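The values are calculated or read from the model by the stated rules, or taken from the named source; none is laboratory data. Nothing here was measured: the structure is a model prediction, and the numbers come from that model. Here the Cβ positions follow ideal geometry from the backbone for every residue, glycine too, while neighbour counts run over all protein chains shown.
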Amino acid sequence: MTAKSAMPPLARFVASSSQFANKRGVYLGRRSTKIHVALYRRSGGKIGGHLPWWPEARIVLVEHTGAKSGVKRTSPLMYHEDGDAVAVVASKGGQPTHPAWFHNLKANPDTTIQIGSVVREVRARVATDEERDRLWPKFVAFYPGYDFFQRNAKGRKIPIVILDPR
């Protein structure tokens, strides 16, 4: 039995719909982000704190400042705790380009994250190849869609960003 076939029917439908959209270059992240962030903050992460039907796919709010615009933004991302650090994947749903937040964190690595109601100061860096090789299976284990994203990324090696405590 595959991880996808073990999902409830509605979860399989949502995953398939997401993959269908991503294959066609439709990325819905920006359209729903503001609502997600507002619900997460208002509820201290009780609403929007994990991906529906994947309880181990937990969500962190990552603040970032526009590399060109200087505008402050927040992105809700799935994460994995790695010791004191938090790791996130710059998947952009498997699109062939990196997400804007990835470029923003490279330009302005000192930032804050929020997990639940706790806000922490962090410094972002791109994972080394060794770190990525160690962490990638952990992300796929809690959200199998990451394997689809990597296959769909048209040769782009999806980076992992490490958010080290400051």
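The table that follows gives values for the structure above.
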| read-out | value |
| --- | --- |
| For residue 81: the one exception among (1) free of Cβ contacts under 8 Å to residues at least 12 places away in the same chain; (2) farther than 21 Å from residue 146 by Cβ | (2) |
| Set 122, 89: member being closer than 20 Å to residue 58 by Cβ, among the β-branched types (Val, Ile, Thr) and free of Cβ contacts under 8 Å to residues at least 60 places away in the same chain | 122 |
| Qualifying residue in the range 62-72 (condition: touching a Leu at 6+ places or on another chain (Cβ under 6 Å), modelled with pLDDT of 95 or more and part of a strand (DSSP E or B)) | yes |
| Residue list for the range 123-144, restricted to those being over 22 Å from residue 64 (Cβ atoms), of a type outside the set (Lys, Arg) and surrounded by fewer than 16 Cβ atoms within 10 Å (Cβ to Cβ) | 129, 130, 133, 137, 141 |
| Residue match in the range 145-153 (condition: of a type outside the set (A, V, I, L, M, F, W, C), within 14 Å of the chain's Cα centre (by Cα), more than 21 Å from residue 55 (Cβ to Cβ) and buried (at least 21 other Cβ atoms within 10 Å of the Cβ)) | no |
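Residues are listed down the side, and each one gets a yes or a no for (1) in contact with a Phe, Trp or Tyr (Cβ under 8 Å, 6 or more places away or on another chain); (2) more than 25 Å from residue 43 (Cα to Cα); (3) part of a helix (DSSP H, G or I):
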{"site": "77", "(1), (2), (3)": "yes, no, no"}
{"site": "87", "(1), (2), (3)": "yes, no, no"}
{"site": "96", "(1), (2), (3)": "no, yes, no"}
{"site": "125", "(1), (2), (3)": "no, yes, no"}
{"site": "132", "(1), (2), (3)": "no, yes, yes"}
{"site": "138", "(1), (2), (3)": "no, yes, yes"}
